[in-house]
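To start, the structure itself, in structure tokens.
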Amino acid sequence: MTHYHSVSGGAASWLAAKLDMDRHPNEEHRFLFADTLYEDADCYRFLIEGIGYLIGRDVSDFLPHADHFPDYRVSGDFDIATYAGNPGWRAFLRQLRADVSEAMPELIWLVEGRDPWEVFRDRKFLGNSRIDPCSKKLKREVLAAWLDANANRDEDVVCVGIGTHESHRYTPLAIRMAEDGWRYEAPLIGTMEGEIGAFHYLAKASIERPRLYRKGYIHNNCGGYCIKGGHAHYQNRFSVDRDRYDYDAMMERKLAAYLGKPVTMMTDRAGDNVKKPLSLDDFADRLLADPQLALIPYEPGSSGCGCF
Ligand code: SF4
């Protein structure tokens, strides 16, 4: 029997894997990471360092530092019709994947090949809080295809990092996967470790928590970007990651022009309580017009990603 741990680079999936490994020390453990090619550089550092710790592997020879990554963004003006990410960023990740796969084959690093913006462009649809083609194409389908080809439905277990506070996400996932013949488990649900949270255990392991958490984000997916993020999420991003916010806004603007309609990730009911599209550009104007808005403390849990 093999235990496959779906790891996203988030702290919760690391702790879920740790807990499950503590419970099943004699089973084989493997780690599945579906890369959106849009992750924060420090997410890759954490992923490698965290799994290295769990399997007792010295990763110092190939552990990257966030400062050594090229920029993920494409600079200058470009046509979104031919956008394929920054070639330097993608080449760096390609080499890192190859190095890690050789030194740490327990980490199965999967890549569909596009980032979320390419998925939206190709699908001619910008995702939102209800419909997530990015997660579907870059994560769920990639992981499902790999499991179909490589894992054993009758014996293997797939573990996810869903915790007690989001257990509502676990039941539908487990039911869906059970219908497909898979056994999914969420090791954190109902445990003291899940209540305490991963940061305590990361500190005990001398692993620095991913920097997005240190900036107030509540997830470590897609470099802090997310189509499911709401006002609170993007207010925080505007305050702590202005360059990234501006890039998101530019991509949203380019996609809307490409599709020929004013698509946005966020909506708004201000004024007449009628739901309307709210672009990141307009939201930034609102924050700039009232600087006090940008200073309102972000309430973790008030917005964020429920990806996968
Ligand atoms: S984190 Fe958000 S933007 Fe990224 S794949 Fe998941 S749902 Fe899509």
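The values are calculated or read from the model by the stated rules, or taken from the named source; none is laboratory data. Predicted, not measured: the structure shown is a model, and the values here were computed from it. Here the Cβ positions follow ideal geometry from the backbone for every residue, glycine too, while neighbour counts run over all protein chains shown. For accessibility, only protein heavy atoms count, side chains too; no ligands or nucleic acids. Shrake-Rupley method; radii C 1.70, N 1.55, O 1.52, S 1.80 Å.
Residues in segment 123-149, backbone N under 19 Å from the label point at LEU259 (7 Å along the Cα-to-beta-carbon vector): list them, ranges by number please.
Output list for this probe position: 123-139.
Taking 0.36 nm per residue of sequence separation and subtracting the Cα-Cα distance, how much length would be gained by fully extending the chain between GLU27 and THR191, in nm to one decimal?
Numbers: separation 164, 0.36 × 164 = 59.04 nm, distance 2.06 nm.
Gain on extension, GLU27 to THR191, equals 57.0 nm.
If packing is taken as the mean number of other Cβ atoms within 10 Å per residue, what is the order of 70-79, 44-53, 264-273, highest first?
44-53, 264-273, 70-79
Going down the table (LYS215/LYS275; LYS139/LYS228; LYS18/LYS136; LYS137/LYS228; LYS228/LYS275), which pairs top 18 Å between alpha carbons?
Numbers: LYS215/LYS275 30 Å; LYS139/LYS228 15 Å; LYS18/LYS136 26 Å; LYS137/LYS228 16 Å; LYS228/LYS275 16 Å.
Correct reply: LYS215/LYS275; LYS18/LYS136.
Enter the Cα centre distance for the pair segment 74-89 and segment 140-216, rounded to the nearest angstrom.
First find each Cα centre; the distance between them is then 33 Å.
Could you check what % of the DSSP bridge pairs in the chain are antiparallel, to the nearest 5?
Values: 3 of 19 bridges.
If I count the DSSP bridges inside the chain, around 15 percent turn out antiparallel.
I need the calculated FRET efficiency for the pair LEU173 and GLU141, taking r as the beta carbon distance and R₀ as 22 Å, to the nearest 0.05.
Result of the calculation: an efficiency of 0.90.
Largest first, how would THR171, THR82, THR36 line up by accessible area (1.4 Å probe)?
Descending accessible area places them as THR82, THR171, THR36.
Starting from the Cα-Cα distance between TYR53 and LEU110, subtract it from 0.36 nm times their residue separation and give me the gain in nm to one decimal. Walk me through the intermediate numbers first.
On the way: separation 57, 0.36 × 57 = 20.52 nm, distance 2.05 nm.
That works out to 18.5 nm of additional length.
Which of the listed residues, ASN26, ALA66, GLY52, is farthest toward the dipole's positive end in segment 2-214, when Lys, Arg count +1 and Asp, Glu count -1 at the beta-carbon?
In segment 2-214, that residue is ALA66.
Roll a 1.4 Å probe over the protein heavy atoms and report the accessible area of LYS124 in Å², nearest 10.
120
Mind telling me which of PRO291, PRO116, PRO64 comes out most flexible in a GNM of the chain, alpha-carbon contacts under 10 Å?
PRO291
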